[in-house]
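None of the figures in this text is laboratory data; all of them are computed from the coordinates on show. All values derive from a computational prediction rather than experimental measurement. Positions of Cβ are backbone-derived with ideal geometry, glycine not excepted, and every protein chain shown enters the neighbour counts.
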Amino acid sequence: MHPFDSPQPPRLAVLLGYAGLLPFASGALGIWFTPVGWRPLVLAALLDYAAVILGFMGAIHWGLAMRAHEESEAARLQLGLSVIPALLGWFAVAAVLPVLLAIGLLLVAYIGLYLADLHAVRLGLAPAWYGPLRRPLTFAVVVCLLVTWCGLLLA
């Protein structure tokens with residue numbers, strides 16, 4: 001079986017994916033457990049990281065577009081999907097949105113990106129293992145952002 005067709009993600013992809021969750025988890029917990037004076041710094045770091053990773057994950061779709069025929073609808077869709085997450089992440093942190101709205105925008109963007117990832121797998125542009133890798137990682141990111149959101153609401 002070709003590694004592209006394997007339902008199991010490569011071990012390194014799994015390890016790096018889970019390592020990438022550490023700033024999300026530490027930021028979400030930091031909102032709850034750091035002294036009040038440090039919370040704005042923790043929140044800013046978490047939102048900045050969430051925006052950067054959103055752009056990084058969106059850029060994967062640029063690479064996937066290169067796998068498709070350049071004039072195909074799939075290629076055009078993947079190219080569009082590659083820039084939307086970065087723009088949403090940038091808007092969430094640069095537009096001086098109320099923080100709860102910024103977190104909500106990031107939540108929607110991560111869920112939308114996961115759906116786009118699944119679509120790329122169905123089109124055969126992303127490897128079969130990409131969906132099973134992205135599912136728990138996206139779930140963890142969403143939970144961390146929700147924990148942060150709740151922490152801010154209850155603070």
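Determine, yes or no, whether Ala75 is aliphatic (A, V, I, L, M), touching a His at 6+ places or on another chain (Cβ under 9 Å) and surrounded by 17 or more Cβ atoms within 10 Å (Cβ to Cβ).
Yes; evaluated as a whole, the condition is true for this residue.
Anything in the stretch 100-152 that is buried (at least 16 other Cβ atoms within 10 Å of the Cβ), closer than 20 Å to Ala51 by Cα and among the β-branched types (Val, Ile, Thr)? List them, or say none.
Ile103, Thr138, Val141, Val142, Val147, Thr148
Residues in the stretch 125-145: is at least one assigned to a helix (DSSP H, G or I), touching a helix residue (DSSP H, G or I) at 6+ places or on another chain (Cβ under 6 Å) and free of Cβ contacts under 8 Å to residues at least 12 places away in the same chain?
Scanning the stretch 125-145, I find no residue that is assigned to a helix (DSSP H, G or I), touching a helix residue (DSSP H, G or I) at 6+ places or on another chain (Cβ under 6 Å) and free of Cβ contacts under 8 Å to residues at least 12 places away in the same chain, so the answer is no.
Just give me the residues in the stretch 39-54 being within 10 Å of the chain's Cα centre (by Cα) and crowded, with 19+ Cβ neighbours inside 10 Å, in sequence order.
Ala50, Ala51, Ile53, Leu54
Might you let me know whether the stretch 64-85 holds any residue that is within 20 Å of Ala28 (Cα to Cα) and assigned to a helix (DSSP H, G or I)?
No: the stretch 64-85 contains no residue that is within 20 Å of Ala28 (Cα to Cα) and assigned to a helix (DSSP H, G or I).
May I ask you to list pairs of residues, at least six apart or on different chains, whose Cβ atoms are under 8 Å apart, with the first in the stretch 44-72 being over 17 Å from Ile111 (Cβ atoms) and the second being outside any helix (DSSP H, G or I) and of a type outside the set (D, E, K, R)?
Correct list of pairs: Leu64/Leu125; Leu64/Ala126; Ala65/Leu125; Arg67/Leu125; Ala68/Leu123; Ala68/Leu125.
Just name the residue that is farthest from the chain's Cα centre (by Cα) out of those in the stretch 83-111 that are over 16 Å from Trp62 (Cα atoms) and of a type in the set (Gly, Ala, Ser).
By that ranking, first place goes to Ala95.
Being assigned to a helix (DSSP H, G or I) and free of Cβ contacts under 8 Å to residues at least 12 places away in the same chain is the filter here; which residues of the stretch 1-25 pass it?
Arg11, Leu12, Leu15, Leu16, Ala19, Leu22
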